[in-house]
There are 2 protein chains.
Amino acid sequence: MALEKRLEENISALSKIGSDPTGGMTRLLYSDSWLEAQKFVEGRMKEIGLETSFDEIGNLFGRVEGTKYPSKTILSGSHIDTVVNGGTLDGQYGVIAAYLAVQQLLETHGQPLRSLEVISMAEEEGSRFPTVFWGSKNFVCEASKEQVATIEDSNGIKFVEEMHRQGFDFASEDKVRRDDIEAFVEIHIEQGNVLEMEKLQVGVVNNIAGQKRYTFQLKGEANHAGTTPMGYRHDAVYGFSKICSGVIDRALAEGDPLVVTFGKVEPKPNTVNVVPGEVLFTMDCRHTDAGALNKFAAEAEAFMKEVAKEHGLELEIDLWMDESPVPMDESIVAKVEQAAKNKNMKYKVMHSGAGHDSQVIAPHYPSAMIFVPSINGISHNPAEATNLEDLVAGVEILTEALYELAYKE
Amino acid sequence: MALEKRLEENISALSKIGSDPTGGMTRLLYSDSWLEAQKFVEGRMKEIGLETSFDEIGNLFGRVEGTKYPSKTILSGSHIDTVVNGGTLDGQYGVIAAYLAVQQLLETHGQPLRSLEVISMAEEEGSRFPTVFWGSKNFVCEASKEQVATIEDSNGIKFVEEMHRQGFDFASEDKVRRDDIEAFVEIHIEQGNVLEMEKLQVGVVNNIAGQKRYTFQLKGEANHAGTTPMGYRHDAVYGFSKICSGVIDRALAEGDPLVVTFGKVEPKPNTVNVVPGEVLFTMDCRHTDAGALNKFAAEAEAFMKEVAKEHGLELEIDLWMDESPVPMDESIVAKVEQAAKNKNMKYKVMHSGAGHDSQVIAPHYPSAMIFVPSINGISHNPAEATNLEDLVAGVEILTEALYELAYKE
């Protein structure tokens, strides 16, 4: 069967598992559809001749031994879970692409020199329980038993009970991180509009942006909109508008890859004829360089304090997420780029502004990512889509990269 | 009894009627407490020797004939209704002050040359039914039967039925506006912080600001906050921040009496990690000069369109309130100002940024207003308050002004 047909059939079959009557797909960690999906993938892995196994918490592996360097492993894959009402590509495309690539390689070139392994990770989205990267963290021995010991989902069902119900458990305390992984390559939809805007087929990801997320409270004084002269006001929305426009102007001047978003704005009392006394707002700020991210965030905070002071407002700052950028491995990135060149793909080397399993894995094993275009940049939505030829191109470049990594001396 | 004691006693006694167990006072049009309050005021009017009457819809009048010019009437008063959980001064202070001033004058100087009349208007706030200035509009024969024919309160009780229940009805179609009113003076709390900030006792109001109220829809594109480069965004909140800061900067440069407020801001989807695709926001814009108000609003609209275009956003403009400024009568304002001087009051001539019954009456009869300070500018709230000495000073200046108008040749 041609790759295109195989890809279509696999996405279509796997997407039936967890299909949500309220729209899209909902396949949450340790749900029955989640286990059914892992079992489906296990079946497909076996069909193409991989030896399968689950780890303690439910990550699935499918492996073919290397002929010459069996203890050197080239790994590829992504996560099997989805957000609520998610699409059919975020996560599972990377799992399917990995085993189809291995299938292509085995059919064309036989057994590899190095071992090839596909991973279908248990969880990445944080959509059921308040924890993220549960799969990749367990893989690199960073899963915290304490962190999930008491958490539950929105229905009050405990994480630990659900994990046990599906036959999984915590890794033992003395579990040691594997030392055989020579490379990890994850393929994923872009979830942005860069490749589409620039009419490219593939992104070769060399960095996952660090991100800071803040919530601010700007406090002034609520006053009558008619009877309070402009000079006697402490207008929190005016202060916010100075802050937002000033910070974004600075971000535009600084240029890519910096992005800054003021996504939430909630004035009080939020009424047409009252000068707003308070505004709660958020800032999401990302950059691929830790120093540049820290510098920009510090300058933004200083600027905000200045604006607040100038307008007689009080500013409360709450930085509640602060993740460092994660660079991908230069040599693996170069291999993926070479694969794109070999295949005559229109590609660019780019960073990821979104978080991925690769950011958990890359600090421990040489890693890289491949992006395929997202139509209109949409993801986490039933409308999430990628043109079939782009999905095929993604598998082809992944296949080529794995060939470079697993079959070449 | 000294004026101070009288004032305290009257405010305290009238405030018991409609006292709200959930806070402050709630005395809505045609409620039982509303009628009880009008009856209370009628009783007090009678006690000081005024001849009382109700008009068709429930405005209460208390009158003493002039000795020399009985067909020339000097009128004072305000409204008896309150907002929900309102304070003890907005409206009723102007009614009490009017009959106490007349009492002082009758006690000191006997019958006036011109007739003196006190009006306790039925409704101004628009807090029960979706209509405002019902009292003053009926007084000047501008009350629209059609406008209230089918309206009801939040409990589904019809305006017309409640009016009938309390014994009132529409004025006849051929009712003619009175031609005996020579002057109207309304005293009211400022509901702002100007007098307090400037340490003044009294405001002599020469104008009620016109106001425009808008709702805007600014539409861009919702995008992933991590994967969408700044250059590929159509960020509605960024556009709003440019509009808000730009328009307010212009208003500050223009200076008093212009005021501009962006009171409501509602982005969509209003989430930390999504570039806002839409913002609904309001603008409330007031000025005492119609030309200046129109010019500023037109320039603000043009500026907004420019910003929207520059940021690739769509702007929908809905101007849903457009009221012209109402100048007070120069000669009555001068009389009130003279009264303030006679009484050695610290005063300023100022405009009202809030709406009042006087704006309905002033186009038909020579009118002026007097303001007393509002502590912290608070009104429409149980915390609404004015220092007793300021309330007394208000009655004194009103008494002096009515003396000038009704007792002098």
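The values are calculated or read from the model by the stated rules, or taken from the named source; none is laboratory data. Treat the numbers as computed from the prediction; the structure is a model and nothing was measured. Counting neighbours? That spans all protein chains shown, and the Cβs are built from the backbone with ideal geometry, glycine included. Only protein heavy atoms, including side chains, enter the accessible area calculation; ligands, DNA and RNA are left aside. Shrake-Rupley method; radii C 1.70, N 1.55, O 1.52, S 1.80 Å.
Data for the structure
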quantity	calculated
Flag for A:Tyr238 being buried (at least 21 other Cβ atoms within 10 Å of the Cβ), of a type in the set (Phe, Trp, Tyr) and more than 26 Å from the chain's Cα centre (by Cα)	yes
Breaking point among (1) under 20 Å from A:Asp322 (Cβ atoms); (2) open to solvent by 30 Å² or more (accessible area, probe 1.4 Å); (3) at the interface with another protein chain (Cβ under 8 Å from one of its Cβ atoms), for A:Gly231	(1)
Which listed residue, of B:Glu278, B:Glu299, is closer than 17 Å to B:Lys212 by Cα, surrounded by fewer than 23 Cβ atoms within 10 Å (Cβ to Cβ) and modelled with pLDDT of 95 or more	B:Glu299
Sole residue being at positive phi and either in the same structural domain as A:Asp329 (by TED's automatic domain parsing) or over 24 Å from the mean Cα position of the chain (by Cα) (or both), chosen from A:Gly110, A:Gly87	A:Gly110
Selection from region B:338-370 of residues that are buried (at least 21 other Cβ atoms within 10 Å of the Cβ) and assigned to a helix (DSSP H, G or I)	B:Ala339, B:Ala340, B:Ser358, B:Gln359, B:Val360, B:Ile361
Subset of region A:276-314 (residues that are closer than 21 Å to A:His224 by Cα, within 14 Å of chain B (Cβ to nearest Cβ) and part of a strand (DSSP E or B))	A:Glu278, A:Val279, A:Leu280
Tally, over region A:108-131, of residues that are open to solvent by 30 Å² or more (accessible area, probe 1.4 Å), part of a loop (DSSP other than H, G, I, E, B) and farther than 20 Å from A:Leu60 by Cα	3
Residue in region A:99-107 that is surrounded by 16 or more Cβ atoms within 10 Å (Cβ to Cβ) and within 21 Å of the chain's Cα centre (by Cα) present	yes
Search result, residues across region B:82-92 that are of a type outside the set (Ser, Thr, Tyr) and more than 11 Å from B:Asp357 (Cβ to Cβ)	B:Val83, B:Val84, B:Asn85, B:Gly86, B:Gly87, B:Leu89, B:Asp90, B:Gln92
Region A:179-206: number of residues that are without any contact (Cβ under 8 Å) to a residue 60 or more places away in the chain and away from every other protein chain (no Cβ under 14 Å)	1
Residues being among the acidic types (Asp, Glu) and either in the same structural domain as B:Leu258 (by TED's automatic domain parsing) or crowded, with 22+ Cβ neighbours inside 10 Å (or both) - total across region B:193-214	0
Qualifying residues in region B:140-178 (those that are under 30 Å from B:Pro70 (Cβ atoms) and among the hydrophobic types (A, V, I, L, M, F, W, C)) - the one farthest from the other protein chains (Cβ to nearest Cβ)	B:Val176
Condition broken by A:Gly226, with the remaining ones in (1) within 9 Å of another protein chain (Cβ to nearest Cβ); (2) small (Gly, Ala, Ser); (3) open to solvent by 10 Å² or more (accessible area, probe 1.4 Å) satisfied	(3)
Residues of region A:1-32 satisfying the condition of being open to solvent by 80 Å² or more (accessible area, probe 1.4 Å) and either farther than 23 Å from A:Glu389 by Cα or touching a Ser or Thr at 6+ places or on another chain (Cβ under 8 Å) (or both)	A:Pro21, A:Thr22, A:Asp32
Residue within region B:87-109 that is of a type in the set (A, V, I, L, M, F, W, C) and without any contact (Cβ under 8 Å) to a residue 24 or more places away in the chain present	no
Residues that are at pLDDT 95 or above and more than 7 Å from chain A (Cβ to nearest Cβ), drawn from region B:258-275	B:Leu258, B:Val260, B:Glu266
Pair list, Cβ under 6 Å, 6 or more apart: region B:313-340 residue farther than 15 Å from B:Leu402 by Cβ, other residue of a type in the set (Ser, Thr, Tyr) and open to solvent by 40 Å² or more (accessible area, probe 1.4 Å)	none
Selection status of B:Leu28, modelled with pLDDT of 95 or more, aliphatic (A, V, I, L, M), under 21 Å from B:Ser136 (Cα atoms) and part of a loop (DSSP other than H, G, I, E, B)	yes
Pick from region B:160-192, criterion part of a loop (DSSP other than H, G, I, E, B) and within 21 Å of the chain's Cα centre (by Cα), ranking: surrounded by the fewest Cβ atoms within 10 Å (Cβ to Cβ)	B:Gln191
Members of region B:132-158 found to be outside any loop (DSSP other than H, G, I, E, B) and either of a type in the set (Ser, Thr, Tyr) or closer than 17 Å to B:Asp55 by Cα (or both), listed by number	B:Trp134, B:Gly135, B:Ser136, B:Lys137, B:Asn138, B:Phe139, B:Lys145
Residues of region A:257-267 classified as within 17 Å of A:Asp284 (Cα to Cα) and either in contact with a helix residue (DSSP H, G or I) (Cβ under 7 Å, 6 or more places away or on another chain) or not assigned by TED's automatic domain parsing to the domain that holds A:Gly220 (or both), total	5
Test: residue in region B:323-336 that is within 14 Å of chain A (Cβ to nearest Cβ), closer than 21 Å to B:Leu200 by Cα and either open to solvent by 60 Å² or more (accessible area, probe 1.4 Å) or aromatic (Phe, Trp, Tyr) (or both)	no
When residues of region B:241-257 are limited to those that are facing chain A (nearest Cβ under 7 Å) and in contact (Cβ under 8 Å) with a residue 40 or more places away in the chain, the one surrounded by the most Cβ atoms within 10 Å (Cβ to Cβ)	B:Lys242
Residue check for B:Asn85: under 25 Å from B:Glu9 (Cβ atoms) and surrounded by fewer than 22 Cβ atoms within 10 Å (Cβ to Cβ)	yes
Residue that is farthest from the other protein chains (Cβ to nearest Cβ), among those in region B:380-409 that are among the hydroxyl-bearing types (Ser, Thr, Tyr) and either assigned to a helix (DSSP H, G or I) or open to solvent by less than 20 Å² (accessible area, probe 1.4 Å) (or both)	B:Tyr403
